[in-house]
Amino acid sequence: MTFSTTLLPALTGLATGLALIVAIGSQNAFVLRLGISGRRRTVLPVVLVCALSDAVLITAGAVGVGAVVESAPAALVVVRVLGALFLLTYGVLAARSALRPSAMTPDDGASVPIGVAVTTALALTWLNPHVYLDTVVFLGSVANQQGADERWWWVGGAIAASVVWFFALGFGARLLRPVFARPRSWQVLDALIAVVMVTLGIRMALGA
């Protein structure tokens, strides 16, 4: 084994994974808010769910499941409709929170049950049709463009990107707590989250 067949493809997979995942999306917005307001015992299972879900999806793409996804458009339509409804509902709830800043505190997320947080993370991940197209089909196709020896190093790098990102986002968000000591900050954050969720929900409903 050499650098070009091990570390190089792993670093390339890491960079590709980060380029795809580091964006303002429904999953990242949820993890960010939970990270700011939640306790470690709630944040940990959520970031694990997000990272492990990505690991499963990336691995599935590498073993060829992407071809199956592309051949099942009807299933993606069902996922798209359910995902759009979920995002729109979440967006409306976030908008309602933004309109009631006095009801929010820095420890607001501490009251979120672990089961609810994990279920929300699962829904935001698995009810998003773009995750199948981006993570399974796109990353899977890139992984399979690597050589036989390099492919799994690349996959390992892409999985590492998800692990690093979600743990950094979930636990690093705590550094923003001083900023969110004021209800006004929560109002702005929830308004932004509402815009993101509703926009993505509408785009998803329209099939964009």
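A few remarks follow.
- FRET efficiency for residue 72 and residue 100, using Cβ-Cβ distance with R0 set to 45 Å, rounded to 0.05: 0.60
- Comparing 123, 29, 72 in a Gaussian network model of the chain, where Cα atoms under 10 Å apart are tied by springs, the biggest mean-square fluctuation is seen for 72.
- FRET efficiency, residue 7 to residue 145 (Cβ-Cβ, R0 22 Å, nearest 0.05): 0.75
- Full extension of the segment from residue 138 to residue 174, taken as 0.36 nm per residue of separation minus the current Cα-Cα distance, would add 9.7 nm.
- Taking a ≥ b ≥ c as the square roots of the eigenvalues of the alpha carbon gyration tensor, the range 137-181 is prolate, as a/c is not under 1.5 and a/b beats b/c.
- Karplus (6.51, -1.76, 1.60) ³J(HN,Hα), θ = phi - 60°, over the range 22-27, in Hz, Gly and Pro reported as x: 7, 7, 6, x, 4, 5
- Among 25, 157, 170, the residue with the largest mean-square fluctuation in a Gaussian network model of the chain, with springs joining Cα atoms closer than 10 Å, is 25.
- Relative contact order %, the chain, counting alpha carbon pairs below 8 Å whose residues are six or more apart: 47
- If only the Cβ of Lys and Arg carry +1 and only the Cβ of Asp and Glu carry -1, the dipole of the chain around its Cα centre is close to 840 debye.
- Nearest-0.05 FRET efficiency for residue 63 and residue 24, computed from C-beta distance (R0 35 Å): 0.70
- Heavy-atom accessible area with a 1.4 Å probe sorts 54, 149, 134, largest first, into 149, 134, 54.
The values are calculated or read from the model by the stated rules, or taken from the named source; none is laboratory data. Keep in mind that this is a model prediction, so the values were computed, not measured. Cβ sites come from the backbone with ideal geometry, for glycine too, and all protein chains shown count toward neighbours. Surface areas here come from the heavy atoms of the whole protein model, side chains and all, with no ligands, DNA or RNA. Shrake-Rupley method; radii C 1.70, N 1.55, O 1.52, S 1.80 Å.
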